[in-house]
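What follows is one structure encoded as structure tokens, with my remarks underneath.
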Amino acid sequence: MAYRVSTEIGGLQFSIEMGKVARQADGAAYVSYGDTVVLVTACADDKPREGTDFLPLTVDYRENTYAAGKIPGGFFKREGRPTEKEVLTSRLIDRPLRPLFPDGYNHETQVVALVLSADKENDPDIMSITGASAALYCSPIPFDRPIAGVRVGLNDDGFVIDPPVSKLKESRLNLTMAGTEDAIVMVEAGANEIPESVMVEALEFGHGVIRKLIALQHELRQLVAPVKWEVTKPESDPVEVQRIERDYAEKISEALHIKGKVASYGRLDEIASEIVELYPEDEPEKRAQAARTYQQLLEKVFRREVLVDRRRPDGRRFDEIRPISAEVSLLPRTHGSALFTRGET
């Protein structure tokens, strides 16, 4: 049975349909906005990958030329490898989704966004973020915090949601954002000298539309009514966690403030090895738990340094940038060459 929900976004109907195509996928969202159509499928292995302590998630975004009514040029008349835009859009979709999977979920998972129709005005990349969330949220895959993506522009009349490609060049703001109902989880922006207060207003404006798109996904999930897989959260010994935090929190903080990335990362690796080696090799489960505890402690210390102590690991204040240098005519025989250095990169 096919299910379809829709709402008005930026003067056009934004619709999500499930159960019409790609029925063998765990989740498949057929997303339409204007004359642009994107099919986003989500598939996962029903068994966890043994010995894996990370999320094996793959996201692919493809724009085939037939979507615009064209045939690839060249001798072979075939689609080539992913373009730079396709690779960057795949990362754009992956970035807000990955942190929202539950702890302990390590099933091989693949999300594929395929542009079926492109009207050259409504960019399919933003649609794919919402489509990927809908495909996962309305599938058996244990993804229970839906997100949505929007693009916010700014012209003389105010903010514009998902501005057409032809109007985006005239916009003073190009803000791409994704979020849940109660938080913004990803931001990318380019702007022509707008005040910070205007950027904050743009984020609030975009988040309001995100909530509207998430409500649409809630409506669709009630219709589909998927039965979610159960995930066993990794167990941890509270006493051991407290002991590791007590003995190593200060060491991690000191390592973060070592000047030079190589030296700092090297010291952190030493601390991680020390924590894991607290347990014998014949107790792999405790070693795995120790590695997880170290990673959680590193994140906790890093977050405290930034939010409470108001300093970055290299000692810079929030309004300080890394040293920048530039050099031209670096190579003697090339048409042109330059070296741009910022910090250690």
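The values are calculated or read from the model by the stated rules, or taken from the named source; none is laboratory data. These numbers come from a predicted model, not from an experiment. We place every Cβ from the backbone using ideal geometry, glycine too, and count neighbours over all the protein chains shown.
Where residues in segment 48-64 are under 30 Å from Lys228 (Cα atoms) and at pLDDT 85 or above, which of them is surrounded by the most Cβ atoms within 10 Å (Cβ to Cβ)? Looking at the filtered set, the residue picked out is Tyr61. Residues in segment 169-202 that are within 15 Å of Gly158 (Cβ to Cβ), loosely packed, with under 15 Cβ neighbours inside 10 Å and either small (Gly, Ala, Ser) or within 17 Å of the chain's Cα centre (by Cα) (or both): Ser197 only. Comparison of Glu281, Glu277, Glu327, Glu285 shows that the only residue that is assigned by TED's automatic domain parsing to the domain that holds Glu245, in contact with a helix residue (DSSP H, G or I) (Cβ under 8 Å, 6 or more places away or on another chain) and loosely packed, with under 15 Cβ neighbours inside 10 Å is Glu281. Evaluating Ala67 against the criteria (1) surrounded by 16 or more Cβ atoms within 10 Å (Cβ to Cβ); (2) under 30 Å from Ala183 (Cα atoms); (3) not aromatic (Phe, Trp, Tyr) leaves one unmet condition, (2).
Within segment 203-212, not a single residue is more than 20 Å from Glu181 (Cα to Cα) and either of a type in the set (Val, Ile, Thr) or surrounded by 15 or more Cβ atoms within 10 Å (Cβ to Cβ) (or both).
Filter segment 292-345 down to the residues that are among the polar types (S, T, N, Q) and either in a loop (DSSP other than H, G, I, E, B) or within 30 Å of Glu196 (Cα to Cα) (or both) and list them by number.
Ser325, Ser329, Thr334, Ser337, Thr341, Thr345
What residue, of Ile258, Ile252, is under 30 Å from the mean Cα position of the chain (by Cα), closer than 23 Å to Arg311 by Cβ and assigned to a helix (DSSP H, G or I)?
Ile252
Once segment 86-97 is narrowed to residues that are surrounded by 13 or more Cβ atoms within 10 Å (Cβ to Cβ) and charged (D, E, K, R), the residue that is modelled with the lowest pLDDT is Glu86.
Residue count for segment 227-243 satisfying the condition of being assigned to a loop (DSSP other than H, G, I, E, B) and loosely packed, with under 10 Cβ neighbours inside 10 Å: 4. Which one is farthest from Lys169 (Cα to Cα) among residues in segment 131-159 that are out of contact with any Lys or Arg (no Cβ under 8 Å at 6 or more places or on another chain) and among the charged types (D, E, K, R)? The extreme case among them is Arg145. Within segment 302-322, restricting attention to residues that are more than 26 Å from the chain's Cα centre (by Cα) and without any contact (Cβ under 8 Å) to a residue 24 or more places away in the chain, the residue that is farthest from Lys261 (Cα to Cα) is Asp309. Of the residues making up segment 199-210, those that are out of contact with any Lys or Arg (no Cβ under 9 Å at 6 or more places or on another chain) and either more than 19 Å from Thr7 (Cβ to Cβ) or without any contact (Cβ under 8 Å) to a residue 60 or more places away in the chain (or both) are Met199, Val200, Glu201, Ala202, Leu203, Glu204, Phe205, His207, Gly208. Just one of the numbered conditions (1) in the same structural domain as Pro163 (by TED's automatic domain parsing); (2) in a helix (DSSP H, G or I) is not true of Val185: (2).
Looking across Ile252, Ile184, one residue alone is aliphatic (A, V, I, L, M), more than 24 Å from Ile126 (Cα to Cα) and without any contact (Cβ under 8 Å) to a residue 60 or more places away in the chain. It is Ile252. State whether the residues of segment 206-217 include one that is farther than 15 Å from Ile147 by Cα and not aliphatic (A, V, I, L, M). No, there is no match, as no residue in segment 206-217 is farther than 15 Å from Ile147 by Cα and not aliphatic (A, V, I, L, M).
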